[in-house]
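J.: Sending over a structure as structure tokens; questions will come in a sec.
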Amino acid sequence: MRPAQAAPPRPGFRPQQQPPAFGQQPPMPQQSISRPGTPGQLSGPPTPQQGFRPPMNGTQPPPQNFGSRPPPLSGGMSRPGFPQDPNQMQNAMRRPSAGGNSMPPSPSMQRPPMPNGAIGSPSMAHQQPHLQQNGSPLQRPPSVGGMQRAPSPMMRPSTLSQPGSPGMPRPFQSPQIQTRPPPGQFMGQGQQPHPGSPAMRPMGHNGPPNGAMPGYGQSQSQPPTPKMPHQQQQQQFPPQNQVPPPQQLQQPPTQFQDPVVANLGSVNSAPVPTPHGGAHKPKRMYPQGAGSYQDPASSGSFQPAVLPGNTSLQGSTQPQQLNQGSQFFVPGENQGSGMVQPVPAYQQGLQPLAGQPLQPNMAQLSNQLGAMNVGSGPGYGFSGQGTSQSTVALMGVAPKILDLEAPPPTINLPTGSSITESPYANCDPSYKRSTLNAIPNTSQLLQKSRLPFGLVITPYRSVKEGDAPVPVVTDSIIARCRRCRTYINPYVKFVEGGRRWKCNMCYTLNQVPSSFDYDPETQQPVDRWQRKELNHAVVEYIAPTEYMVRPPQPLVYLFLIDVSYPAVQCGMVATAATTILESLDRIPNDEGRTKIGIITIDSSIHFYKLSSAAAEPQMFVVSDLDEPFLPQPQDLLCNLKECRPTLEALLNRMSDMFKDTQIIGNALGPALQAAYKMVAPIGGKVLCLQASLPNLGSGALKMREDPKLLGTSKESTLLQAASSFYKTMAVDCSKSQVCVDMFLFGSQYSDVATLSCLPRYTGGSTFFYPAFTAAKSEDALKFAHELAEFLSQRIALEALMRIRASKGVRMSAFYGNFFVRSTDLLALPNVPRDQSYSIEVSYEENLNIPVVCFQTGLLHTSASGERRIRVLTLALPVTSSLSELYASADQVAIATLLANKAVERGRSAKLDDARDALTNKMVDILGVYKTHMTASSSGATPNLQISDNLKLLPLLTLGMLKHVALRGGSQIPSDLRSYAMYLFSTLPSQCLISYINPKFYSLHNMPGNCGTIGENGIEMPVSMNLSSERLERGGLFMLEDSQNIFLWVSKDAVPQLCMDLFGVPNYESIRGGKTTLPALETDFNQRVNLIVGKTREMRRTPYYPQLYVIKEDGDPALRLWFLSHLIEDRADPIMSYHQYLGHLKDKVNSGSF
């Protein structure tokens, strides 16, 4: 029977040697011919082509006789009892050369692992019999817990394999980096440092390397984001006039240095002169952080962790070149193109850089412990890769506003969460986004974080050019959970051979429909994994008949037009009639079912018969306002195609029919009751165009604007509905699938707060035109554009929306324009394009699942007359880590939710309460982060710290506090405030962020490509911070907030700029105020016009921003209006951005969290 043989040792590790038995001689050490860079035998002095390792104890090497070769020593340090002779220790620690003539490492060299982990080969054993008396050969200490100990801190044995080899884990390897770049080259040690490298700069200098200056070729306040080292193409700088000899290709490469050895080797060591005549020091190397890249140029104070007993690393100040194939980098080293970046001037100094970690050592230590499974691992949804946690300082630096356009934090779902690998398996943020992209597993953790938890949904987002359309499932096979009614989605699980599927909400098993894998059109089996509902998070089903209570309703447009004296005088009636006439071809009418009707209002109600049988329109006047009735049951609503000639005749005459009217009465309330009777049997849209305050019949309103109440605690009463009639009417309309839209034209008080109740509860829209007069072409153009765009929208009709969630969470509060029919069912008679809804989420029980799903189902009738179901599915991981919770927070979604909550608080309570709630929420978030996520958990701190992904949340909060919707003061009319509140609660996040934090551009010195057509359309300038410090003498600046566009012209503007842009000879000839830019043949004028045009078109809303020219010494009201948008400046009584941060810091330091 053959005896069992011991398993061969793992490659790259030295086998454990058993101690010799009593009375036996220890085994003879084996030694091989040493190679450059490996501990072996001594050689002659280093040559100009040979690398040299300085002594470890900081002493000078003893004089040696270089004429003869000394006897070789063992390749390791002896065990206890080794000779104490310092010369002998020096020789034992010296890295020798083979034959005394070593060459620099070659890029093609690769060293194979030693056989069996031995130090030397048996062929050299007979040359070293004298080594036995100096102690046992180098032997690794016994392992603890099955793991190999770290190498000796004095040297790295030649038998240790390369980092990442099969026999050894990568030292200090980030757990996020799963693949290595291809092996590269070791740079020559004797090469000259290129300009900009750390060798050419004194230690601690963090200025721009390579001679780059801030502001040259890039934005001074927005440096580009560097790439990771393994994403760069390493540049090689071979020494000049030095060609590697041919035999270099046959030599194995120098063994990779352990970074700990490199660091310890440089402690308190004096430089040793080399044959080059210079001082050479070992390379200092640090591991990469797992979460984020630390900018080497900006981290002059970065210090690596040292072993106990070593308190200084000042001796290691001159880094060497780096192996491209390794996962290490040298701080300050130029890692390749794009790695070195200039540091903005305002970021230099003692304050930490915005966007950079404040505690790199702690982050690296946490990542290293996580790689060794020490401490708590990542939470659910972070399998193999966690969310990057980066702490930034807020005070002393300007906010990086360009980060507002960055995508939300990445959603890191566990592997295998989706049954398909489709990139569209999770919902796009433009349709649905969460304030937290990692869900806390308990309500206690959410309460501890003080972060708001909610969803921002835009279910009927417009699809612009370049956007992917929503996939439509046309086979009418709808698989739903039989218990919770969840639609099948990419996060369900198929079981029992694919015959059943498990719901991802309630985990109920459901039967797969028999025709799920069969195409009834082609009569052929289909691949299940190619179905759209299993690959797309946003999908639409064509609903079968069981989803219909009645046949799909047609599009119905009923216009209620105010024809009283104020409406005729301001030109609203003529403009509205002309716009409706020109928009008849744009109204959706795919199947020819669209109906239209017109009612005009003054002190009476005028109905119009538009049947095709009548050659001329007939008008019926109803003067009974107490009990309005329909003059005839038919032909008041007519088919658009059939009554087109009669309708055109009426619209052409309307501007002349009431031009001489002197009636100032407005019976809107009775007209709404009559319109409801006309539309209720079918459902549809009622568009009210009002230019005066309703003052007759039901719903009559009075002038209630009291300047004495503005700015006081009673101002909120002006923001509430003055009459319950409109809310009652809205509830009745919602039940009958009737939507009411308001177009309000106010030369005086219009009571927007009361009249906007109708759109708020019926899913409609509100448009407000203060001081409208059609004599100004800009006013007429804005109204005509917005009405035409609104009529051409392909909206959703008679809709119901429900949000389902995984077990344990529920929807607790809803914000937006709809009517809550039950606890989680929202009734929307119309779903306008790009209207946003916010939902707050709360907990029912703790979560013991890895993924939480939110599914929004929108049952609606499309503009083409099809009954459809739009399904939006969002999957988010569950975590138990507070740091991952903060790292996953979405500041844009949080600002959107907070804006909705502040509006609700301001309407129901007081504006002061709304403002205090916003500030207190910021104090809570910053205080919890300081207490639990930073080293300064207690006591006062000189700075505010927050995670990088939330660094702009204080700026957005300040923008809300300074906005017309919430700003204090007695100069803001209640109509303007009410309309701003409406926009706060309905604008999608893309437009709301610009409405809170406007875009600010410098046009007079913009790059040459701005305003020209590029690969992605018209090139826009880089947005600047909202501060008057950016205003320059003689400059031209543009500011836009998605509702208005401002052009600021300095009084020192040169005549050439005035001529090129406005076509006038000098600054004094420029006309300020609301205007339209002329179209000139100059290049500058064409570029500015293209920028203004793209600004008006790039928003996903029907709003048309008006252009205002603000002269520096022009109208004080316009100048103050423009400056109020510069939210980073102080505007009494509201603080500047830095003062607001100081206010938050004081509250954080004085609070307990």
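The values are calculated or read from the model by the stated rules, or taken from the named source; none is laboratory data. Model, not experiment: these values are computed from the prediction. We place every Cβ from the backbone using ideal geometry, glycine too, and count neighbours over all the protein chains shown. We work out accessible area using only protein heavy atoms, side chains counted, and drop any ligands, DNA or RNA first. Shrake-Rupley method; radii C 1.70, N 1.55, O 1.52, S 1.80 Å.
J.: Which of the residues spanning segment 810-819 are closer than 14 Å to residue 853 by Cβ and surrounded by fewer than 19 Cβ atoms within 10 Å (Cβ to Cβ)?
T.: 810
J.: Can you work out which of the residues in segment 855-872 that are over 13 Å from residue 548 (Cβ atoms) and of a type in the set (A, V, I, L, M) is modelled with the lowest pLDDT?
T.: Ranking the candidates gives 863 first.
J.: Can you work out which of the residues in segment 520-564 that are open to solvent by 80 Å² or more (accessible area, probe 1.4 Å) and in contact (Cβ under 8 Å) with a residue 12 or more places away in the chain is nearest to the chain's Cα centre (by Cα)?
T.: 532
J.: Another question, then. Quickly run through segment 806-843 and pick out the residues that are within 17 Å of residue 451 (Cβ to Cβ) and of a type outside the set (Phe, Trp, Tyr).
T.: Initial filter on segment 806-843 (within 17 Å of residue 451 (Cβ to Cβ)): 809, 812-813, 838-843.
Passing the criteria: 809, 812, 813, 838, 839, 840, 841, 842.
J.: Among the candidates 965, 980, single out the residue that is buried (at least 24 other Cβ atoms within 10 Å of the Cβ), hydrophobic (A, V, I, L, M, F, W, C), under 30 Å from residue 434 (Cα atoms) and not assigned by TED's automatic domain parsing to the domain that holds residue 1053.
T.: On inspection, the qualifying residue turns out to be 965.
J.: Could you please tell me which pairs satisfy a Cβ distance under 9 Å, a separation of 6+ or placement on different chains, a first residue in segment 404-432 that is outside any loop (DSSP other than H, G, I, E, B), and a second residue that is among the small types (Gly, Ala, Ser)?
T.: 404/994; 404/1023; 405/1023; 432/537
J.: Which members of segment 748-771 meet the condition of being touching a strand residue (DSSP E or B) at 6+ places or on another chain (Cβ under 8 Å), assigned to a loop (DSSP other than H, G, I, E, B) and under 22 Å from residue 566 (Cβ atoms)?
T.: 750, 756, 771
J.: Looking only at segment 828-880, how many residues end up being of a type in the set (D, E, K, R), part of a strand (DSSP E or B) and either in contact with a Pro (Cβ under 8 Å, 6 or more places away or on another chain) or without any contact (Cβ under 8 Å) to a residue 24 or more places away in the chain (or both)?
T.: Taking segment 828-880 first, the residues of a type in the set (D, E, K, R) are 833-834, 840, 844-845, 866-868, 870.
Those still in the list that are part of a strand (DSSP E or B) too: 840, 867-868, 870.
Now drop any that are not either in contact with a Pro (Cβ under 8 Å, 6 or more places away or on another chain) or without any contact (Cβ under 8 Å) to a residue 24 or more places away in the chain (or both), which leaves 840, 867, 870.
Counting residues in segment 828-880 that are of a type in the set (D, E, K, R), part of a strand (DSSP E or B) and either in contact with a Pro (Cβ under 8 Å, 6 or more places away or on another chain) or without any contact (Cβ under 8 Å) to a residue 24 or more places away in the chain (or both) gives 3.
J.: Which one of 1099, 1071 is touching a helix residue (DSSP H, G or I) at 6+ places or on another chain (Cβ under 9 Å), of a type in the set (Lys, Arg) and surrounded by 17 or more Cβ atoms within 10 Å (Cβ to Cβ)?
T.: Unique residue meeting the criteria: 1099.
J.: Just to be sure, is residue 1035 farther than 15 Å from residue 1111 by Cα and outside the structural domain of residue 892 (by TED's automatic domain parsing)?
T.: On the way: farther than 15 Å from residue 1111 by Cα: no; outside the structural domain of residue 892 (by TED's automatic domain parsing): yes.
Considered against the rule, which asks whether it is farther than 15 Å from residue 1111 by Cα and outside the structural domain of residue 892 (by TED's automatic domain parsing), residue 1035 comes out as no.
J.: Within segment 487-499, does at least one residue satisfy the condition of being in contact with a Lys or Arg (Cβ under 9 Å, 6 or more places away or on another chain), of a type in the set (Lys, Arg) and under 30 Å from residue 511 (Cα atoms)?
T.: yes
J.: Anything in segment 592-606 that is in contact with a helix residue (DSSP H, G or I) (Cβ under 8 Å, 6 or more places away or on another chain) and either modelled with pLDDT under 90 or within 16 Å of residue 633 (Cα to Cα) (or both)? List them, or say none.
T.: 596, 597, 598, 599, 605 - these are the residues of segment 592-606 that are in contact with a helix residue (DSSP H, G or I) (Cβ under 8 Å, 6 or more places away or on another chain) and either modelled with pLDDT under 90 or within 16 Å of residue 633 (Cα to Cα) (or both).
J.: Something else: Quick one: in segment 1126-1153, which of the residues that are in a loop (DSSP other than H, G, I, E, B) and in contact with a Gly (Cβ under 9 Å, 6 or more places away or on another chain) is least open to solvent (accessible area, probe 1.4 Å)?
T.: Ranking the qualifying residues of segment 1126-1153, first place goes to 1127.
J.: Go over the candidates 727, 685, 677 one by one and state the one that is touching a helix residue (DSSP H, G or I) at 6+ places or on another chain (Cβ under 7 Å) and either closer than 30 Å to residue 825 by Cβ or touching a residue at least 40 places away in the same chain (Cβ under 8 Å) (or both).
T.: Numbers: 685 fails: touching a helix residue (DSSP H, G or I) at 6+ places or on another chain (Cβ under 7 Å); 677 fails: touching a helix residue (DSSP H, G or I) at 6+ places or on another chain (Cβ under 7 Å).
Only one candidate qualifies: 727.
J.: Looking at 640, 651, 625, can you tell me which residue is open to solvent by less than 30 Å² (accessible area, probe 1.4 Å) and within 18 Å of residue 593 (Cβ to Cβ)? I'd like the intermediate steps shown before the answer.
T.: Values: 651 fails: within 18 Å of residue 593 (Cβ to Cβ); 625 fails: within 18 Å of residue 593 (Cβ to Cβ).
The match here is 640.
J.: It is to be established whether one or more residues within segment 452-460 are touching a strand residue (DSSP E or B) at 6+ places or on another chain (Cβ under 9 Å) and open to solvent by 40 Å² or more (accessible area, probe 1.4 Å).
T.: There is no residue in segment 452-460 that is touching a strand residue (DSSP E or B) at 6+ places or on another chain (Cβ under 9 Å) and open to solvent by 40 Å² or more (accessible area, probe 1.4 Å).
J.: Restricting to segment 795-816, what's the tally of residues that are assigned to a loop (DSSP other than H, G, I, E, B) and touching an Asp or Glu at 6+ places or on another chain (Cβ under 9 Å)?
T.: The total comes to 2.
For every residue, the table says whether it meets (1) of a type in the set (A, V, I, L, M); (2) in the same structural domain as residue 729 (by TED's automatic domain parsing); (3) in a loop (DSSP other than H, G, I, E, B); (4) within 45 Å of the chain's Cα centre (by Cα).
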position: 584; (1), (2), (3), (4): yes, yes, yes, yes
position: 589; (1), (2), (3), (4): no, yes, yes, yes
position: 603; (1), (2), (3), (4): no, yes, yes, no
position: 606; (1), (2), (3), (4): no, yes, no, no
position: 615; (1), (2), (3), (4): yes, yes, yes, no
position: 628; (1), (2), (3), (4): no, yes, yes, no
position: 631; (1), (2), (3), (4): no, yes, yes, no
position: 635; (1), (2), (3), (4): no, yes, yes, no
position: 686; (1), (2), (3), (4): yes, yes, no, yes
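J.: From the list 586, 593, pick out the single residue that is under 29 Å from residue 738 (Cα atoms), open to solvent by 60 Å² or more (accessible area, probe 1.4 Å) and touching a strand residue (DSSP E or B) at 6+ places or on another chain (Cβ under 8 Å).
T.: Within the list 586, 593, the selection yields 593.
J.: What tally of residues in segment 461-484 results from selecting those that are open to solvent by 40 Å² or more (accessible area, probe 1.4 Å), under 28 Å from residue 794 (Cβ atoms) and part of a loop (DSSP other than H, G, I, E, B)?
T.: Final tally of qualifying residues: 10.
J.: Could you check residue 1017 against (1) surrounded by fewer than 19 Cβ atoms within 10 Å (Cβ to Cβ); (2) over 16 Å from residue 1089 (Cα atoms); (3) among the small types (Gly, Ala, Ser) and say which number it fails?
T.: Every listed condition holds for residue 1017 apart from (2).
J.: Can you tell me how many residues within segment 522-546 are of a type in the set (Ser, Thr, Tyr) and out of contact with any Ser or Thr (no Cβ under 8 Å at 6 or more places or on another chain)?
T.: Qualifying residue count for the region: 2.
J.: Let me ask you something else. Residues of segment 531-548 being within 13 Å of residue 868 (Cα to Cα), hydrophobic (A, V, I, L, M, F, W, C) and assigned to a loop (DSSP other than H, G, I, E, B), which ones?
T.: 543, 548
J.: Could you tell me which residue of segment 707-752 is farthest from residue 573 (Cα to Cα), considering only residues that are open to solvent by 20 Å² or more (accessible area, probe 1.4 Å) and of a type in the set (Gly, Ala, Ser)?
T.: 713
J.: Looking at (1) among the β-branched types (Val, Ile, Thr); (2) outside the structural domain of residue 873 (by TED's automatic domain parsing); (3) surrounded by 22 or more Cβ atoms within 10 Å (Cβ to Cβ), can you tell me which one residue 839 breaks?
T.: (2)
J.: Right, next: Test residue 728 against the criterion of being touching a Leu at 6+ places or on another chain (Cβ under 9 Å) and not in a loop (DSSP other than H, G, I, E, B), and give yes or no.
T.: Here the answer is no, as residue 728 does not meet what is asked.
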